[in-house]
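Beneath this line is the structure, given in structure tokens, with notes to follow.
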Amino acid sequence: MEGQKEKKGGLFITLEGPDGSGKSTQRSLLANYLLTKGYEVLSTREPGGTRISESIRMILLNPEYKEMHPLTELLLFAAGRVQHTKEIIIPALRAGKIVISERYFDASIVYQGYGRGLDLKIVKTINQIATQGIKPDLTLILDIEPGLGLTRVGQRSSKDRLEKLSLEFHDRERRGYLALAKEEPERIKVIDASGSAEEVQIRIRKVVEDVLSQRSLWQRE
């Protein structure tokens, strides 16, 4: 597939997981660690990453838009993902960089599919179009009990529209992530996100280092 050819040379890592699982912290720690190892790293996030995508993010996360339809939500995420993929991810991968993205299309499968109840085939088809077939080389799911995650979120000064969703929604979200991990065990690895940020980062680094080691061996052949 054309999209898959585009990313040859770089390494695409995504961090996924329920709200409060520590994705932003772990993305920053991992990016800094890989930089110290001499890798070229691009750290980004969804929704966002580009001027247009950040504007879409403001709409998606605004708690005032309680009436937003799940299909509207799906299409807005996809629209932001098009810009993010075209402007940020593909150029970085072409340049041979390690791209670390906080969320990518798996988040839509989980949030709008498992969480909102939209048809999974529709969600996957829309995201296949939005990403041009680009798929992460490695996806790390930061797994945490939804109750603990929401407790962490509750300590923030303010919560966005998605963080305000019910515990039942976040339960469905977590089940969705674990289902994806069973479907694609080679790409998707589940990381225990309980404990300190340092403990979680050690778990993440072990998985990432294994992938980088395999990639280095493959490149020398």
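The values are calculated or read from the model by the stated rules, or taken from the named source; none is laboratory data. For clarity, every value in this text was computed on a predicted model and none was experimentally measured. Positions of Cβ are generated from backbone atoms using ideal geometry, with glycine treated the same way; all protein chains shown enter the neighbour counts.
Quick grid of which residues meet (1) in contact with a Pro (Cβ under 8 Å, 6 or more places away or on another chain); (2) in contact (Cβ under 8 Å) with a residue 60 or more places away in the chain:
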{"site": "Thr14", "(1), (2)": "yes, yes"}
{"site": "Gly22", "(1), (2)": "no, yes"}
{"site": "Gln26", "(1), (2)": "no, yes"}
{"site": "Glu40", "(1), (2)": "no, no"}
{"site": "Ser43", "(1), (2)": "no, no"}
{"site": "Ile52", "(1), (2)": "no, no"}
{"site": "Ser55", "(1), (2)": "no, no"}
{"site": "Met58", "(1), (2)": "no, no"}
{"site": "Met68", "(1), (2)": "no, yes"}
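Here Thr72, Thr125, Thr151, Thr85 are screened, and the one residue that is part of a helix (DSSP H, G or I), out of contact with any strand residue (DSSP E or B) (no Cβ under 9 Å at 6 or more places or on another chain), at pLDDT below 95 and not aliphatic (A, V, I, L, M) is Thr151. When residues in the stretch 21-52 are screened for being in a helix (DSSP H, G or I), among the hydrophobic types (A, V, I, L, M, F, W, C) and either within 14 Å of the chain's Cα centre (by Cα) or surrounded by 15 or more Cβ atoms within 10 Å (Cβ to Cβ) (or both), 5 of them pass.
Each row is one residue, and each column tells you yes or no for (1) among the aromatic types (Phe, Trp, Tyr); (2) in contact with a helix residue (DSSP H, G or I) (Cβ under 9 Å, 6 or more places away or on another chain).
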residue: Gly49; (1), (2): no, yes
residue: Asn62; (1), (2): no, no
residue: Phe77; (1), (2): yes, yes
residue: Arg81; (1), (2): no, yes
residue: Lys86; (1), (2): no, no
residue: Glu102; (1), (2): no, yes
residue: Val110; (1), (2): no, yes
residue: Gly117; (1), (2): no, yes
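Could you grab me the full set of residues in the stretch 127-153 that are among the polar types (S, T, N, Q) and surrounded by 15 or more Cβ atoms within 10 Å (Cβ to Cβ)? If you could, list the steps in order and put the result at the bottom.
Initial filter on the stretch 127-153 (among the polar types (S, T, N, Q)): 127-128, 131-132, 139, 151.
Within the stretch 127-153, Asn127, Gln128, Thr131, Gln132, Thr139 qualify.
Here the stretch 154-190 is the region considered, the condition is being modelled with pLDDT under 95 and of a type in the set (Ser, Thr, Tyr), and the residue that is surrounded by the most Cβ atoms within 10 Å (Cβ to Cβ) is Ser166.
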